[in-house]
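The values are calculated or read from the model by the stated rules, or taken from the named source; none is laboratory data. Computed from a predicted model, the values in this text were never measured in an experiment. Cβ atoms come from the backbone with ideal geometry, glycine included; neighbour counts cover every protein chain shown.
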Amino acid sequence: MDEQPIIIKRKKKVVGGHHGGSWKVAFADFATAMMAFFLVLWLTSTASPEQKLAVEGYFRDPIGFTEGGTPNPVDLEGSASVINEATQDVEANQIQLQDEVVEELADTLEQRRMEELFQELKKRIEESETLQQFKDQLLIDITDEGLRIQIVDRTGRPMFDSGRAELKYYSQEILFELAKTLGSVNNKLSITGHTDATPFNGRPGYTNWELSADRANTARRALVAGGVRPEQIARVVGLADSVLFDQENPTAPVNRRISIIVLNQKAADDIRSSAGRGGVPVIDLTRPTEAQESQAREKLESGDWLQEREAPAPGELNW
């Protein structure tokens, strides 16, 4: 039997050859680092002591608040000042813009509160039997000063008797009902009395100016008795016939009215600043004494305030 030949393969070893290029990347990084190192040595050898101190302070505190440091250690001849001025302008504009936004938001919120109060008063008028009877005499709107409520006279149904500053019983009930809502808000109130153009001839020296002021003050006392806080009152004035509701008919009953304004913040501030008294409420008439207030309450409880009487002198308490 023939034997198979044995075949042996030998591989030749190649000396040398390609080992990759990673060493080139490492050498390039090394060369770059050395170049940066020698550049730093050259800069430090040519820099002045002040510049070295600035650089040192910068690396200690990059923001530049450390003594000797600066946010711009290299002076580029004016670039830093331009940046600073631009930054200050931007900050000033941002502050001004923020103030305007805050003021607009405050006005919007106050306007919304006035509208909510407007709706609340309308709802109270609809739900109150007392106010429902006289809703044709109640005029409510929103003005630049705030929410205005006007109680006007109608033919055969005046708030006051002619030439007098005593409230009719139903007029007082109207003010009491309104006081329940007005006393629940934090806003200041302004109360204004108006007459028609018919001259007052009741007694010498007593004109429509005194009459309108007395009526406004009587309305103030009724509101306070009904629940309005005394410190809420910011202004009580009488304007006689200087601001007519119906200018085409100066003697019309609608010109005789009491105007109550729930003041917004701006209007309240204007009243305080114009008064020049550090925010002390301005009332045109002399405030009644405690004895007069007590006497008025007794009359209110007994019903004596309904009796007919002469027009009050300035400062006299009447209901």
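All conditions in (1) touching a residue at least 24 places away in the same chain (Cβ under 8 Å); (2) surrounded by fewer than 18 Cβ atoms within 10 Å (Cβ to Cβ) hold for Pro204, with the sole exception of (1). Here the condition is being surrounded by 15 or more Cβ atoms within 10 Å (Cβ to Cβ) and under 14 Å from Phe160 (Cβ atoms); of Leu189, Leu182, Leu211, Leu178, it holds for Leu211 alone. Return a yes/no flag: does the stretch 225-235 have any residue that is under 23 Å from Glu126 (Cβ atoms) and outside any loop (DSSP other than H, G, I, E, B). Yes, the stretch 225-235 contains a residue that is under 23 Å from Glu126 (Cβ atoms) and outside any loop (DSSP other than H, G, I, E, B).
Please work out if Gly183 is within 30 Å of Arg113 (Cα to Cα), at pLDDT 90 or above and in contact with a strand residue (DSSP E or B) (Cβ under 6 Å, 6 or more places away or on another chain). No, not satisfied. Of the residues making up the stretch 143-165, those that are farther than 15 Å from Thr195 by Cβ and part of a loop (DSSP other than H, G, I, E, B) are Thr143, Asp144, Glu145, Thr155, Gly156.
From Leu109, Leu117, Leu147, grab the single residue that is within 22 Å of the chain's Cα centre (by Cα) and surrounded by fewer than 19 Cβ atoms within 10 Å (Cβ to Cβ). Quick ask: steps written out before the conclusion?
Numbers: Leu117 fails: surrounded by fewer than 19 Cβ atoms within 10 Å (Cβ to Cβ); Leu147 fails: surrounded by fewer than 19 Cβ atoms within 10 Å (Cβ to Cβ).
It is Leu109.
The set of residues in the stretch 120-137 that are under 28 Å from the mean Cα position of the chain (by Cα) and surrounded by fewer than 17 Cβ atoms within 10 Å (Cβ to Cβ) comprises Glu120, Lys122, Lys123, Arg124.
Does the stretch 166-203 hold any residues that are under 16 Å from Gln150 (Cα atoms), of a type in the set (S, T, N, Q) and in a loop (DSSP other than H, G, I, E, B), and which are they? Scanning the stretch 166-203 gives a single hit, Thr195.
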